[in-house]
Amino acid sequence: FLYPVEGRNTSTESRLLLVSEDKYIEQFDIHVVAEEERKVVIQNSGQIPRSRVADDLIWAQWDMMEQRLFYIVPKESRSTLKCVQFYPDENFNSILESHLDISVNDTTLKLVNFGYDYCKDQDVASKSLNLQVFTSKAGGLCMCCNLASDIPDEITYSIYFLHKGYHKTFTVSLERTESHQLKEVAFMNLDYYVAAYLPGQFLHLLNIQHPDLLCHSLFLTGVGARIDMLQNCSIRSPLTSTVLDCHVGSMYAISISDSTLLQFLQNSKRDSERLAALHCALLYFQHTEDLKMQIIWWISENLSTCHSFDPIQEFIIASLYCRMCPEAHNLDKLLPYTSLLDWTGIIPRVTCATDIISLPVLEFQNTKGFWEKLNSNLESVKYAEPRLHYHNNVLRREWRNLSEEDFYFFTNQREERRTATYMRNIFENAKKVLSHLDTWDSEERLVPLFQEDDYQQQLLMGLMVAQLKDHLTRHLQYAGKKKIDQIVLDYVANLLNLVHRIMKEVWRRYQLHSCIFCFDERGSTGEFAVFNIMSHILEAANGMCMPLPPGFHTLHLGLGIRCLPVHTLLHYIDNGVLHLTETCVRKLLKDLDDTEENEKLKLSIVMRLPEALGQKARQFWNHPINANFVARKYVKLLLEKLGNRQCNRPIPERLSVHVEFLPLNYLTHMLAEIENEGVHPYEDQDRVNVRFVEETALKHTMTLLGLKYS
């Protein structure tokens, strides 16, 4: 019986769906009337109104919750899957048609979810068509089919991802078989996943929304593949996350255990299993904070053991994907869900073949709910789905160009104004992200991040906002500017928050203090572990062209100074692993005394500073070595301005005592002439001039001669 309109008095009207052994289905409209003595009889029982729903079918499945009828009509070389949708207003429509590349030779009608138990007859069950259709809330449509195999120790099954336009056929080599054991795979609908289960052999969980990479699907064997209550092959899945054991007549709710999944993640040795378990955990348990903490701890312990993927990248991208996709329709097709472009790994004992199939045809376009989402999935496949997902190629190129250029010096004034406006908008985007993030976390931060301005990271933040906004605007035109702006700000802010979350968990685990910038002590074992994790975070961020929270590089450099030998520290700086920041360098120059070892470290750091940062940092180190460096740089800049000109004008003496040292006198005369022409490279440092050069040169010479300067 079909479901009526909710809330309507249905005591006198019913609709009955009748399936005939002659391979047709009809709908009967039954009206009852009350007679005397409280009797109820069918009105016009000899002429009950009926409508033919389907003809010549060989297989049918009833979806009780959604009131859908799937059935297959066999043809000579291929079969056709059709679907009829029934509505509460007593109408029904044939809504879907999909051509299948399978040939059905059964002569017996096979029914799924109609209540009749074919599994009681083992002979019939072994010969009948083992096939089920599953749908998901995200618009996924899968058909699962157990295919006959001529090899005794092999089993073959196919999953038709109809919403993707291809199917995958899996062949599994069984470890052990018994002659009386039926080799029929049971299929289960877990909404996000389809499960293929053979008791005692394997449990295969396939990601419905992203089945293209096998590493996102779990293949379990042994103890991990055991479902305690389901130890026979007579299993059906009439509802999502529900299974029916046909032998004993019991129905069970079935779900993935978070503790078991976490244990599997921790014990797995293969990258494919780790990656699949990681994605499964983030998808099903994204709101379980304790599980996220356990995953972060696992990541911190396995950074060097995952060879085929970066666990930090996958954690961040998958978490963002699960968090953001519910914000807007079709957002799941536009945001990245993995950092991997392909997967070349293998699953032991399993071979997989992928074949392209024709896309289903929806006969009614103006539908809502599941059919609207399915239609959206089919449209994205038609228009090359991989190209729709946001990619960082353009962002990386733009960031590199803007980082290497000086934006404010152009010969073309119009170009200068345009670029200045563009940069102003970029940094305005970054400010919005940071202010957006501040509203989420008003508590004192355990990790010293977000406490300084970071030009490069704010530039990358702003660029990411601009690029992602352009991408979403092209494909989510119906959403509106305000909604897209909110989605983009949430995405980038959540990204920064995830990095901070990783840092916070490892900070707690290794019991570090809120401030570690004390350079007169060596770092602890815990600090070295955190430094190593931060290095991996930086590598992951560079690989994804992902912004980091302001202050990350300062904290990373501070830990490096405390934990690394000097030669290793300088090697990391030269190779871009550590980034010199004004905050950390200033504290280093101020706090460390000028012992011989510290002088070497300070000079090595100062020599590696970029020009603009170097000029600022040297103001905080009052030392002859620094003065010599500043004087040499000043002379070099002035002489570059001099060119081939000759010094002709007499220059007044600058020192109170005349120095009879002709080379120095000649040099200072030339430099003073250039200064008098208005050339001054260090305009913001009044003390750096010709007199400063002269005094520094004399001090340096006296020091070399072992004399005292007064």
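The values are calculated or read from the model by the stated rules, or taken from the named source; none is laboratory data. Note that the structure is predicted; figures quoted are calculated from it, not measured. Quick reminder, even Gly has a Cβ in these numbers, built from the backbone with ideal geometry, and neighbours come from all protein chains shown. Note: accessible area is taken over every heavy atom of the protein model, side chains too, but ligands, DNA and RNA are not part of it. Shrake-Rupley method; radii C 1.70, N 1.55, O 1.52, S 1.80 Å.
Points worth noting:
- Out of Val40, Val19, Val33, sole residue that is open to solvent by 60 Å² or more (accessible area, probe 1.4 Å) and either assigned to a strand (DSSP E or B) or touching a Cys at 6+ places or on another chain (Cβ under 6 Å) (or both): Val40
- Contacts under 7 angstrom Cβ, first residue in segment 521-537 being open to solvent by less than 30 Å² (accessible area, probe 1.4 Å) and assigned to a helix (DSSP H, G or I), partner charged (D, E, K, R) and at pLDDT below 95, 6 or more apart: Glu527/Arg562
- Within segment 231-260, the only residue that satisfies the criterion of being among the acidic types (Asp, Glu) and farther than 18 Å from Leu111 by Cα is Asp258.
- Restricting attention to segment 52-67, the residues being free of Cβ contacts under 8 Å to residues at least 60 places away in the same chain and either among the charged types (D, E, K, R) or farther than 19 Å from Trp371 by Cβ (or both) number 5.
- Residue that is nearest to Leu498 (Cα to Cα), among those in segment 284-313 that are in a loop (DSSP other than H, G, I, E, B) and free of Cβ contacts under 8 Å to residues at least 12 places away in the same chain: His287
- Of the residues making up segment 316-340, those that are touching a residue at least 24 places away in the same chain (Cβ under 8 Å), more than 8 Å from the chain's Cα centre (by Cα) and assigned to a helix (DSSP H, G or I) number 7.
- Take the conditions (1) more than 31 Å from the chain's Cα centre (by Cα); (2) touching a residue at least 40 places away in the same chain (Cβ under 8 Å); Pro550 misses just one of them, which is (1).
- Residues of segment 83-113 classified as of a type outside the set (Val, Ile, Thr), more than 18 Å from Tyr3 (Cα to Cα) and part of a loop (DSSP other than H, G, I, E, B), total: 5
- Looking at Lys587, Lys616, just one residue is among the basic types (Lys, Arg) and without any contact (Cβ under 8 Å) to a residue 40 or more places away in the chain, and that residue is Lys616.
- Cβ pairs under 8 Å, 6+ apart, first in segment 147-159 and assigned by the TED database to the domain that holds Val185 and under 17 Å from Ile102 (Cβ atoms), second open to solvent by 80 Å² or more (accessible area, probe 1.4 Å) and part of a loop (DSSP other than H, G, I, E, B): Thr156/Ala148
- Wholly enclosed strands (runs of 3 or more DSSP E) of segment 196-283 bearing at least 3 residues farther than 24 Å from Ile346 by Cβ: 242-245, 250-253
- Scan of segment 589-616 for residues that are among the hydrophobic types (A, V, I, L, M, F, W, C) and either farther than 24 Å from Ala541 by Cβ or open to solvent by 70 Å² or more (accessible area, probe 1.4 Å) (or both), ordered by number: Leu589, Leu592, Leu601, Leu603, Val606, Met607, Ala612
- The listed residues are Thr344, Thr351, and the only one of them that is exposed (fewer than 15 other Cβ atoms within 10 Å of the Cβ), modelled with pLDDT of 80 or more and of a type in the set (S, T, N, Q) turns out to be Thr351.
- Residue count for segment 43-64, restricted to those that are out of contact with any strand residue (DSSP E or B) (no Cβ under 6 Å at 6 or more places or on another chain) and assigned to a loop (DSSP other than H, G, I, E, B): 2
- Every condition in (1) under 21 Å from Ser94 (Cα atoms); (2) touching a residue at least 24 places away in the same chain (Cβ under 8 Å); (3) surrounded by 13 or more Cβ atoms within 10 Å (Cβ to Cβ) holds for Val361 except the one numbered (3).
- Qualifying residue in segment 269-290 (condition: crowded, with 16+ Cβ neighbours inside 10 Å and among the aromatic types (Phe, Trp, Tyr)): yes
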